[in-house]
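The values are calculated or read from the model by the stated rules, or taken from the named source; none is laboratory data. Treat the numbers as computed from the prediction; the structure is a model and nothing was measured. Here the Cβ positions follow ideal geometry from the backbone for every residue, glycine too, while neighbour counts run over all protein chains shown. For the accessible areas, the whole protein counts, side chains as well, though only heavy atoms, and no ligand, DNA or RNA atoms are used. Shrake-Rupley method; radii C 1.70, N 1.55, O 1.52, S 1.80 Å.
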Protein chains: 2
Amino acid sequence: MSMNTKQKGVPFNKVKVQDIFWAPKMKTNRLKTIPANEKQCRETGRLDCFKPDYKGERHYFWDSDVAKWIEAGCYSLATNYDKKLEKTLEKVISDIIKMQQPDGYMNNYFIYVKPEMRWKNLRDCHELYCAGHLMEAAVAHFYATGRRNFLDAMCRYADLICKTFGPGENQLHGYPGHQEIELALVKLYEVTGEKRYLDMACYFINQRGQQPHYYDEEAVKRGDDPKKWWAKTYEYCQAHLPVREQKDAVGHSVRALYMYSGMADCARETDDKELAKACKRLWESVCERQMYITGGIGPSLSNEGFVNDYMLPVENISSESCASIAAIFFCQRMLYLTGEAKYADAMERIMYNSGLSGVSMDGEKFFYSNQLYTYDPDADKKADKKTEFKHYQWDGAALHRQGWYGCSCCPPNIARFIASLPGYIYGTSEDTLWVNLFVGSTTKLNLGGQDVRITQRTRYPWKGKSVFIFSLKKSAVFTVKVRIPSWCQQTSLRVKSLFNEEGPVEEKDGYLCITRKWRKGDQLIYEMDMPIQRVYATTKVRELEGRVALQRGPLVYCLETVDNVTNNLELLSIKQNAKLKGKFDKRILGGVYAITGKALKNVDSDPDGNLYQIKPPRQRVVKFKAVPYYAWDNRRPGSVIVWLREK
Amino acid sequence: MSMNTKQKGVPFNKVKVQDIFWAPKMKTNRLKTIPANEKQCRETGRLDCFKPDYKGERHYFWDSDVAKWIEAGCYSLATNYDKKLEKTLEKVISDIIKMQQPDGYMNNYFIYVKPEMRWKNLRDCHELYCAGHLMEAAVAHFYATGRRNFLDAMCRYADLICKTFGPGENQLHGYPGHQEIELALVKLYEVTGEKRYLDMACYFINQRGQQPHYYDEEAVKRGDDPKKWWAKTYEYCQAHLPVREQKDAVGHSVRALYMYSGMADCARETDDKELAKACKRLWESVCERQMYITGGIGPSLSNEGFVNDYMLPVENISSESCASIAAIFFCQRMLYLTGEAKYADAMERIMYNSGLSGVSMDGEKFFYSNQLYTYDPDADKKADKKTEFKHYQWDGAALHRQGWYGCSCCPPNIARFIASLPGYIYGTSEDTLWVNLFVGSTTKLNLGGQDVRITQRTRYPWKGKSVFIFSLKKSAVFTVKVRIPSWCQQTSLRVKSLFNEEGPVEEKDGYLCITRKWRKGDQLIYEMDMPIQRVYATTKVRELEGRVALQRGPLVYCLETVDNVTNNLELLSIKQNAKLKGKFDKRILGGVYAITGKALKNVDSDPDGNLYQIKPPRQRVVKFKAVPYYAWDNRRPGSVIVWLREK
């Protein structure tokens, strides 16, 4: 365990998930999503293109798509062995390894398509980004199978990168245009113990944004005018300033969040307090001023990223699935670095909402962008004189989930996140168990000198109760820290023991902490009050004035066409004092807790339906039904709304 | 007078405007806007580029910018002679004429830059569009000065176009990618009587969108793949279907509205009832289903045009000034074709709102796009931890008016519209005077066999009253038709005569019609009830649910930062029963009628200002002030809102 953390995660392969909510999703991920990603990768040439005799198109970010699929497959293998999947993975991994050049280089596009451009355009060409994803895949492969072939190949590639980049006179002083390799190099360091990989990660972090600017120099060397770059500002890739001087999250959100994760890794591993401070500042910028209620980040489709504090429009937005996943990584690292529950709160918000909305319930369709409001004209049967709807926008902002995208970073990213879910539940520090998430599961840890089996039983997120059952041979003294979710106003924690010994419960950094002597069969019963909540954005968010969202526990709710009287969900408003009822409804998508109540629906007063009218619309009382946001767009296609008008 | 109209316009040079509202604007246009446009044209090379020895950049749409400035200058000369302006215009016109090629061809870009591409890319290159604007300028020059030099040159060019395009075996079967020449050819026909120009206009109209598609064939001939066209669909330039089959206004709005105007011209001149029917259908699509309350059209910045019925977002929209002006042209033609007031109602809505908002009160700055809502972060002094605002959008959607644009079609278009304003006020038909607009003015017409001088006295749009004074030597019987504005619920019309003879007043097609014997000094007193009105959009407009706009007479109102307590105007809402007061306020921009009342301002309940809060915001009562929309952004820069949230 690194000494510079408050908490160390219990890794995914040490936790067995037996959960009513997540276990079925992990199963769908294994049986549907990972095979669907494989199929798409195969059909688009992404798997065959590693072979030298492949004749089709290649793209400079394809390596990363395949790597994420491999990573997902390996996590899944480790928790649920599948012979066929293993065979498929090994074949692809073997093809990838074969592409390795004598000097260690491994990039499909720059080996076969533009070898003369190797390392010539770090700013735009995703070379180091692809390397990072391949490293992450190799580490996952090693953990899942114990085989070193892929890992060794990636170490050789990492060694070439260490030789190529650095402060030396004959080295390139550059860093990735699309960050990712930083956190991957730290993973490689953790598994191999080779400090040069950590140093390389720190070099990329520290060198970023220094003057004279590497991307300027690199562009001039290529014969390009750096001033004519399409993105106009190095804020796009967070290279506008040295990272320690960055105060606001700017630019492309996936780049940003992968980088912040790598920064947190380096801060932890090198005990760099200044870097940790920068991480905290950037986390506040992301999660306290620029995060959607769903956990999505990055509103702008133009830069797939950040625009300004409190700018959170709901329609035609980016809120990319990859950005949510990258934000989960960053929150997890900040949680371990600080031990503060607020990082886990944000992580949970993302996981249960925008992190999960990226994939359909059947596991085979994906959102690239996660809209908080859409109007689907095709679902509007009554629309008068409707002309064909024109999508003047990029397919990434599609109204409904799709099987794949031209730029298909999100589908395999979602797959690897869900497969790795067991790794987010628990943490440990000296003689302490940290409960970060409420997921039915079992894990074994050494606590108080004893091997302890911990079983968590819960119906979360439908019910706000978790029971922890401790199984150990001899009694032992240790601490259990249970997170108090930020959505929760009232908790109770009690011990059920044959010996009726409670223990002093203390609240610290958003956790309830109890230290006592635990005996076999002792139970810790944790109850979180989980009413339906109305949530309002601060009045600084100009897009959300006069609007309310519904939330229960970690779940944000939405209305969709299929459950409601209209496809134009903006017609509906709810009164501030309207009664809201909730119940678990088995008929909806295998069971979700749904919220119902009465809304007001606007109806034209003018019988001619003139475009502009002098009389205000009348309001008709109608029933409405809201379902968890993650579950939308899984039944009849239609519109969606999260932030309702409040009357 | 063409026989196929209900009404013929009284041209701009037959009407003397003496109006408290428009006369100062025409003066500013003459003294400031036209010179400012000249200066910009000169500084950017647009005037010098007609000379063969000019060395700078040229652009394929520059001819049209200069042509519109000349047209504006000529209208202005005709109503207010200015020797210096005449001299400047003659010099530029002489340079333009000198560029004419032996065969009659006149296009600065295709003569000097890409002569080999002449007529090779009608779809994209604005060649016929530029020709149209030069023709309009030449016609205006002839009317203003009586000189034929420019007109003759343009007739030679028109003759070349008539020879080049048409159904013949050796002719090109094409038509303009950017329509405009159709209406210009009809003007050329009207001034010369040469029917071939009318026939050419009708050919362009009728050939459009026929199969096999000219743009496909033309692209293949150039060696381009027509499928790879950036705009993806010929809807962009309304060439997706033959025009008679078009039911919905689609694509680029300026192209569309110029074409519809040309269609109405051809329908009128050739008594083509089918074409007239198509015009009516398209007018309904534009004005009854896709027009902003301000008269703006075309919400999308992607295609600078239409998207879908009832899709009227308020921010980051196109609503281009040129589109408003083109829509004025179309409405005017439909009014003359049908004699129905609804066309004048729409025309008036555009003129007093989006048509006028395009230019600053000082006459020197212009909006390309006319937003109905903006948030200007630079005006927000209290913004917490504000990062630099990033405009990820094209400069055409700027938050404030600018002196010029790279693509600067709008500034000279606004100039020619304001200079031509006198031509929109009156119409005539046999022994009938039509009053279409309420503008203080004088005109002389032959009515009932007598020369009649009509003087209109009014304080419109500030007061809903117009007095018409008739001056004639002998008494005469004729009809006066006065429009009942659609905004008006209550009118009264009475005659003031020494002989106390009223006359029967009849309502027809939205006009009050009175036929009687008129004597010298008789007055017609028309009163239009003009209260402050709350206006609602039909509930089909999903962007405007729960919102209200304020209107008085033809003027739509807005709130801007300078008059109100906050720069975030979305914080404000007004109650449906809130009292609204109005008064003419001389201190605001030389005098406007302002509306005041009480609004509710949202204030965070959570003292920490957390991004998401459980308690609803509190509401503080504040005063608000609204000013006419056209007048916004003329004082301290800030935000604007038209559609307020209603409580």
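Taking the options A:Trp643, A:Trp632, name whichever one is within 14 Å of chain B (Cβ to nearest Cβ), of a type in the set (Phe, Trp, Tyr) and either closer than 28 Å to A:Trp22 by Cβ or out of contact with any Ser or Thr (no Cβ under 6 Å at 6 or more places or on another chain) (or both).
Values: A:Trp632 fails: within 14 Å of chain B (Cβ to nearest Cβ).
Only one candidate qualifies: A:Trp643.
Quick test for you: out of A:Lys381, A:Lys390, A:Lys386, pick the one residue that is modelled with pLDDT under 80 and open to solvent by less than 30 Å² (accessible area, probe 1.4 Å).
Details: A:Lys381 fails: open to solvent by less than 30 Å² (accessible area, probe 1.4 Å); A:Lys386 fails: open to solvent by less than 30 Å² (accessible area, probe 1.4 Å).
Exactly one residue qualifies, and that residue is A:Lys390.
If A:Glu217 satisfies all but one of (1) outside any loop (DSSP other than H, G, I, E, B); (2) open to solvent by 20 Å² or more (accessible area, probe 1.4 Å); (3) within 14 Å of chain B (Cβ to nearest Cβ); (4) over 16 Å from A:Tyr343 (Cα atoms), what's the number of the condition it fails?
Looking at each condition in turn, A:Glu217 falls short on (3).
Hey, any hits in the stretch A:237-254 for a residue that's under 30 Å from A:Phe150 (Cβ atoms) and assigned to a loop (DSSP other than H, G, I, E, B)?
Scanning the stretch A:237-254, I find at least one residue that is under 30 Å from A:Phe150 (Cβ atoms) and assigned to a loop (DSSP other than H, G, I, E, B), so the answer is yes.
Before we move on, is A:Gly193 within 22 Å of A:Gln211 (Cα to Cα) and either open to solvent by 20 Å² or more (accessible area, probe 1.4 Å) or modelled with pLDDT of 95 or more (or both)?
no
Looking only at residues in the stretch A:231-261 that are of a type outside the set (D, E, K, R) and more than 18 Å from A:Gly298 (Cβ to Cβ), which one is surrounded by the most Cβ atoms within 10 Å (Cβ to Cβ)? So that I can check it myself, show each step before the final result.
Within the stretch A:231-261, the subset of a type outside the set (D, E, K, R) is A:231, A:233-234, A:236-243, A:246, A:249-254, A:256-261.
If we keep only those that are more than 18 Å from A:Gly298 (Cβ to Cβ) too, we end up with A:241-243.
Details: A:Leu241: 16, A:Pro242: 15, A:Val243: 24.
Checked the stretch A:231-261; the qualifying residue surrounded by the most Cβ atoms within 10 Å (Cβ to Cβ) is A:Val243.
Kindly provide the set of residues from the stretch A:472-484 that are among the hydroxyl-bearing types (Ser, Thr, Tyr) and more than 14 Å from A:Val495 (Cα to Cα), ordered by number. Explain how you work it out, then say what you get.
Filtering the stretch A:472-484 down to residues among the hydroxyl-bearing types (Ser, Thr, Tyr) leaves A:475, A:479.
Once the filter is applied, which keeps residues that are among the hydroxyl-bearing types (Ser, Thr, Tyr) and more than 14 Å from A:Val495 (Cα to Cα), the stretch A:472-484 yields only A:Ser475.
Out of all the residues in the stretch B:39-62, is one or more outside any helix (DSSP H, G or I), in the same structural domain as B:Glu274 (by TED's automatic domain parsing) and touching a Pro at 6+ places or on another chain (Cβ under 9 Å)? Before you say what the answer is, go through the steps one by one.
Start the filter on the stretch B:39-62 by keeping residues that are outside any helix (DSSP H, G or I), which leaves B:44-47, B:51-61.
Checking the rest, the ones that are also in the same structural domain as B:Glu274 (by TED's automatic domain parsing) come to B:44-47, B:51-61.
Keeping just the survivors that are touching a Pro at 6+ places or on another chain (Cβ under 9 Å) gives none.
No, the stretch B:39-62 contains no residue that is outside any helix (DSSP H, G or I), in the same structural domain as B:Glu274 (by TED's automatic domain parsing) and touching a Pro at 6+ places or on another chain (Cβ under 9 Å).
Condition (residue is more than 11 Å from every other protein chain (Cβ to nearest Cβ) and assigned to a loop (DSSP other than H, G, I, E, B)) applied to the stretch B:321-338: is it met by at least one residue? Spell out the reasoning first.
Within the stretch B:321-338, the subset more than 11 Å from every other protein chain (Cβ to nearest Cβ) is B:321-338.
Next, from what is left, pick out any that are assigned to a loop (DSSP other than H, G, I, E, B): none.
The answer is no, given that none of the residues of the stretch B:321-338 is more than 11 Å from every other protein chain (Cβ to nearest Cβ) and assigned to a loop (DSSP other than H, G, I, E, B).
Pairs under 7 Å by beta carbon, first residue within 22 Å of A:Cys558 (Cβ to Cβ) and assigned by TED's automatic domain parsing to the domain that holds A:Glu560 in the stretch A:606-625, partner of a type in the set (Ser, Thr, Tyr) and surrounded by 15 or more Cβ atoms within 10 Å (Cβ to Cβ), six or more apart or different chains?
Short answer, once both residue conditions are applied: A:Lys623/A:Thr596; A:Phe624/A:Thr596; A:Lys625/A:Thr596.
Going by the structure shown, is B:Asn170 surrounded by fewer than 17 Cβ atoms within 10 Å (Cβ to Cβ) and touching a Ser or Thr at 6+ places or on another chain (Cβ under 9 Å)? Explain how you work it out, then say what you get.
Values: surrounded by fewer than 17 Cβ atoms within 10 Å (Cβ to Cβ): yes; touching a Ser or Thr at 6+ places or on another chain (Cβ under 9 Å): no.
Criteria not met by B:Asn170.
I'm trying to understand the selection: among the residues of the stretch B:577-607, which are at the interface with chain A (Cβ under 9 Å from one of its Cβ atoms) and either open to solvent by less than 10 Å² (accessible area, probe 1.4 Å) or farther than 27 Å from A:Ile614 by Cβ (or both)? Give the steps one after another, and end with the answer.
Of all residues in the stretch B:577-607, those at the interface with chain A (Cβ under 9 Å from one of its Cβ atoms) come to B:601-606.
Across the stretch B:577-607, the qualifying residues are B:Asn602, B:Val603, B:Asp604, B:Ser605, B:Asp606.
Checking B:Gln533 against (1) free of Cβ contacts under 8 Å to residues at least 40 places away in the same chain; (2) within 13 Å of chain A (Cβ to nearest Cβ); (3) part of a strand (DSSP E or B), which test does it fail?
Exception for B:Gln533: condition (1).
For A:Ser76, state whether it is assigned to a helix (DSSP H, G or I) and open to solvent by less than 20 Å² (accessible area, probe 1.4 Å). Before you say what the answer is, go through the steps one by one.
Details: assigned to a helix (DSSP H, G or I): yes; open to solvent by less than 20 Å² (accessible area, probe 1.4 Å): yes.
Yes.
Just give me the residues in the stretch B:563-591 being of a type in the set (A, V, I, L, M) and either in contact (Cβ under 8 Å) with a residue 60 or more places away in the chain or closer than 28 Å to A:Thr294 by Cα (or both), in sequence order.
Step one: list which residues in the stretch B:563-591 are of a type in the set (A, V, I, L, M), which gives B:565, B:569, B:571-572, B:574, B:578, B:580, B:588-589.
Those that are of a type in the set (A, V, I, L, M) and either in contact (Cβ under 8 Å) with a residue 60 or more places away in the chain or closer than 28 Å to A:Thr294 by Cα (or both): B:Leu569, B:Leu571, B:Leu572, B:Ile574, B:Leu589.
Have a look at A:Leu198, A:Leu257 and point out the one that is more than 14 Å from chain B (Cβ to nearest Cβ), touching a residue at least 60 places away in the same chain (Cβ under 8 Å) and closer than 28 Å to A:Val535 by Cα. Break it down stepwise before answering.
Details: A:Leu198 fails: closer than 28 Å to A:Val535 by Cα.
Only one candidate qualifies: A:Leu257.
Going through B:Leu559, B:Leu524, B:Leu569 one at a time, which residue ends up being within 11 Å of another protein chain (Cβ to nearest Cβ), in contact with a strand residue (DSSP E or B) (Cβ under 6 Å, 6 or more places away or on another chain) and open to solvent by less than 10 Å² (accessible area, probe 1.4 Å)?
On the way: B:Leu559 fails: within 11 Å of another protein chain (Cβ to nearest Cβ); B:Leu524 fails: within 11 Å of another protein chain (Cβ to nearest Cβ).
None of the others qualify; the one that does is B:Leu569.
Table: residues versus (1) modelled with pLDDT of 95 or more; (2) within 25 Å of A:Gly355 (Cα to Cα); (3) part of a strand (DSSP E or B).
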{"residue": "A:Ser466", "(1), (2), (3)": "yes, yes, yes"}
{"residue": "A:Phe478", "(1), (2), (3)": "yes, no, yes"}
{"residue": "A:Val556", "(1), (2), (3)": "yes, yes, yes"}
{"residue": "A:Val562", "(1), (2), (3)": "yes, yes, no"}
{"residue": "A:Lys581", "(1), (2), (3)": "yes, no, yes"}
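For B:Gln290, work out the one condition from (1) without any contact (Cβ under 8 Å) to a residue 24 or more places away in the chain; (2) crowded, with 24+ Cβ neighbours inside 10 Å it doesn't fulfil.
The one condition B:Gln290 does not meet is (1).
Regarding B:Ile574, is this residue away from chain A (no Cβ under 12 Å), under 24 Å from B:Tyr352 (Cβ atoms) and either touching a helix residue (DSSP H, G or I) at 6+ places or on another chain (Cβ under 7 Å) or open to solvent by less than 30 Å² (accessible area, probe 1.4 Å) (or both)?
Values: away from chain A (no Cβ under 12 Å): no; under 24 Å from B:Tyr352 (Cβ atoms): yes; either touching a helix residue (DSSP H, G or I) at 6+ places or on another chain (Cβ under 7 Å) or open to solvent by less than 30 Å² (accessible area, probe 1.4 Å) (or both): yes.
When the stated conditions are applied, B:Ile574 does not pass them.
Please determine, by comparing only the residues of the stretch B:538-554 that are open to solvent by less than 10 Å² (accessible area, probe 1.4 Å) and assigned to a strand (DSSP E or B), which one is farthest from the other protein chains (Cβ to nearest Cβ).
Selected residue: B:Leu550.
B:Lys273 versus (1) closer than 25 Å to B:Asn206 by Cα; (2) without any contact (Cβ under 8 Å) to a residue 12 or more places away in the chain; (3) in contact with a Phe, Trp or Tyr (Cβ under 6 Å, 6 or more places away or on another chain): which is the lone unmet condition?
(3)
Determine whether B:Leu160 is surrounded by fewer than 18 Cβ atoms within 10 Å (Cβ to Cβ), modelled with pLDDT of 95 or more and closer than 28 Å to B:Lys98 by Cβ. So that I can check it myself, show each step before the final result.
Numbers: surrounded by fewer than 18 Cβ atoms within 10 Å (Cβ to Cβ): yes; modelled with pLDDT of 95 or more: yes; closer than 28 Å to B:Lys98 by Cβ: yes.
Yes, satisfied.
Hey, among A:Lys25, A:Lys55, A:Lys68, which residue is out of contact with any strand residue (DSSP E or B) (no Cβ under 9 Å at 6 or more places or on another chain), of a type in the set (D, E, K, R) and either surrounded by fewer than 15 Cβ atoms within 10 Å (Cβ to Cβ) or farther than 22 Å from A:Val139 by Cα (or both)? Show your work before the answer.
Details: A:Lys25 fails: out of contact with any strand residue (DSSP E or B) (no Cβ under 9 Å at 6 or more places or on another chain); A:Lys68 fails: either surrounded by fewer than 15 Cβ atoms within 10 Å (Cβ to Cβ) or farther than 22 Å from A:Val139 by Cα (or both).
Going through A:Lys25, A:Lys55, A:Lys68 in turn, the sole match is A:Lys55.
Pull up the stretch A:609-628, narrow it to residues that are more than 14 Å from chain B (Cβ to nearest Cβ) and not β-branched (Val, Ile, Thr), then point me to the one that is most open to solvent (accessible area, probe 1.4 Å).
Filtering the stretch A:609-628 down to residues more than 14 Å from chain B (Cβ to nearest Cβ) leaves A:621, A:623-628.
Pick out the ones that are also not β-branched (Val, Ile, Thr) and you get A:623-626, A:628.
Values: A:Lys623: 155, A:Phe624: 4, A:Lys625: 50, A:Ala626: 1, A:Pro628: 0 Å².
Here the answer is A:Lys623.
List every residue pair whose Cβ atoms sit under 9 Å apart, with the two residues 6 or more apart in sequence or on different chains, where the first one lies in the stretch B:454-479 and is under 16 Å from B:Ser497 (Cα atoms) and without any contact (Cβ under 8 Å) to a residue 24 or more places away in the chain and the second, anywhere, is open to solvent by 50 Å² or more (accessible area, probe 1.4 Å) and assigned to a loop (DSSP other than H, G, I, E, B).
As it stands, the answer is B:Thr455/B:Gln18, since those pairs meet every condition given.
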